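This report concerns only the one structure given below.
The values are calculated or read from the model by the stated rules, or taken from the named source; none is laboratory data. All values derive from a computational prediction rather than experimental measurement. Cβ placement follows ideal geometry from the backbone for every residue including glycine, while neighbour counts extend to all protein chains displayed. Accessible surface areas use protein heavy atoms only, side chains included; no ligands, DNA or RNA. Shrake-Rupley method; radii C 1.70, N 1.55, O 1.52, S 1.80 Å.
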Amino acid sequence: MAQNPITHSPSEPLVWPALTKPQSGIRSFAGHTDTVLDVIGRIGAPPSVVIFTEGNHLMVLLSDDIIGAFPSWAKSQPEYADLNLDNIVVSTLPQPILIEAIRAGGIALGNLTFEVSRPSGFYPDIFMGYPEPLRQLHQRGVVEPQARFFCKNRGVMLLVRKGNPLGIRGLSDVLRAGTRIALPDAGDVRAACRAAAEALLGKPSADVLFAAEVQSFPGRLGIMHRDLPEMVARNYADVAFTWYHLVSYWARIFPNHFEAVAVPGAEPFFTQIALARAVDPPRPRALEAFDEFFFSRARDVYPRYDFVPMNDDEFGRSLVLD
């Protein structure tokens, strides 16, 4: 493909908003080098419950509608009122990274290493994810043989810079010579993007689209829900292609940086996320409480964040992992 004649100079990195309430009297770092975005909670204090999850629905899970509302709900239930839920620990790192962290017994964030083990307390009671990663975890004896689906997304969408300087109105516009695209590096979402491109453009054009991929940039983490908007914001790519609800979330929290561009016909290229319970969970009563609370709320809450409403046959449907 021909090179874009426009000179692309990197812009400033994104400053991600905190999704937890600041604690009074505790110094907080919210810059770029010392900010930890995808491990939430207090490390060093006993966790109330630990959730490892696919990061692309973090805007829902960490909201006041779910994690924020869970402790007060539990206090209102006689069987859970005695639970101490002041330290809910959540990791929203990508599923392959979390699976590797469980296997290796740890994960390093810069100079800090988190031990991932039962003795440390940083070990999941609950794992939320796509079917294949959950099957891998079951094979390792980490989660039970059945999980339950709780959300369904709206397929895939395009993210562009504010003002849409290249006038991208659909997938076909991304085929223009020199247009650089940021794509998920692996997993269900990359497969969905590829399938949508082939169905809507044809395989030859899909090959051209994927050939325009910017495969890396300085500081790439391998965390799709952080890397892709960073690539567009800093002019390493002109457009990103990923899940609908992620694009709408980025456009919502960074209105001066981004716009969302719908891809007509891309709705069928969706996936679903399921909740699996850990085998011999470290905090079984807290797990039971969260499971009950979550499945009483999720069906109503997720559509508020641009997920598809699920019908009676879809919501809570069992996923057999054997």
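If I model a spin label at Lys203 and Val15 as a point 7 Å from the Cα along the Cα→Cβ vector, what separation in nanometres do I get?
It is 4.9 nm.
Highest first, please rank the peptides 133-144, 14-25 by the mean number of other Cβ atoms sitting within 10 Å of their residues. Walk me through the numbers on the way to the answer.
Details: 133-144: 18.9, 14-25: 11.1.
The most tightly packed comes first, giving 133-144, 14-25.
Go ahead and set up a Gaussian network model of the chain, Cα springs under 10 Å, then flag whichever of Ile253, Ile88, Ile273 fluctuates most.
Most flexible of the set in this elastic network: Ile253.
I'd like the FRET efficiency for Arg220 and Phe29, computed as 1/(1 + (r/R0)^6) with the beta carbon distance as r and R0 of 25 Å, rounded to 0.05. Could you put the intermediate results ahead of the total?
Values: r = 22 Å, r/R0 = 0.87.
For Arg220 and Phe29, the calculated efficiency is 0.70.
Could you give the accessible area per residue of the chain, probe 1.4 Å, as a whole number in Å²?
Here the residues of the chain average 45 Å² of exposed surface.
When we measure straight from the Cα of Lys75, which lysines land under 25 angstrom away, once same-chain ones fewer than 8 places off are left out?
Lys21
Roughly how many nanometres apart are two label points built 7 Å out from the Cα toward the Cβ at Glu100 and Ser117?
In this crude label model, Glu100 to Ser117 measures out at 2.1 nm.
Of all the Cα-Cα pairs you can form in the stretch 219-321, what percent are over 18 Å apart?
In whole percent, the share of Cα-Cα pairs in the stretch 219-321 beyond 18 Å is 62.
Taking the chain as a Gaussian network, Cα atoms linked when under 10 Å apart, which of Pro309, Pro13, Pro204 shows the biggest mean-square fluctuation?
Judging by the Gaussian network model, the answer is Pro204.
Solvent-accessible area of Ser248, probe 1.4 Å, all protein chains present, reported in Å² to the nearest ten, please.
In the full protein context, Ser248 sits at about 20 Å².
Once every DSSP H run of n ≥ 4 in the chain is given -39500 (n - 2.57) and the sum is divided by its residues, what mean residue ellipticity at 222 nm do you get, rounded to the nearest 500 deg cm²/dmol?
The per-residue figure over the chain is -8500 deg cm²/dmol.
How many percent of the accessible area of the chain is carbon or sulfur, using a 1.4 Å probe?
On the chain, the fraction of accessible area on carbon and sulfur atoms equals 52 percent.
Label points 7 Å out from Cα along the Cβ direction at Leu109 and Ser172: separation in nm?
Taking the two extended label points, one gets 4.5 nm.
Springs between alpha-carbon atoms under 10 Å, Gaussian network over the chain: tell me which of Gly222, Gly121, Gly44 tops the mean-square fluctuations.
Gly44
Considering Cα pairs under 8 angstrom that are at least six residues apart, work out the relative contact order of the stretch 168-322 and quote it in whole percent.
25 percent
Would you mind calculating the relative contact order of the chain from Cα pairs under 8 angstrom and at least 6 residues apart, reporting the percent as a whole number?
This gives 28 percent for the chain.
If you take the beta carbon distance between Ala81 and Glu314 as r and set R0 to 25 Å, what does 1/(1 + (r/R0)^6) give as a FRET efficiency, to the nearest 0.05?
That gives a FRET efficiency of 0.15.
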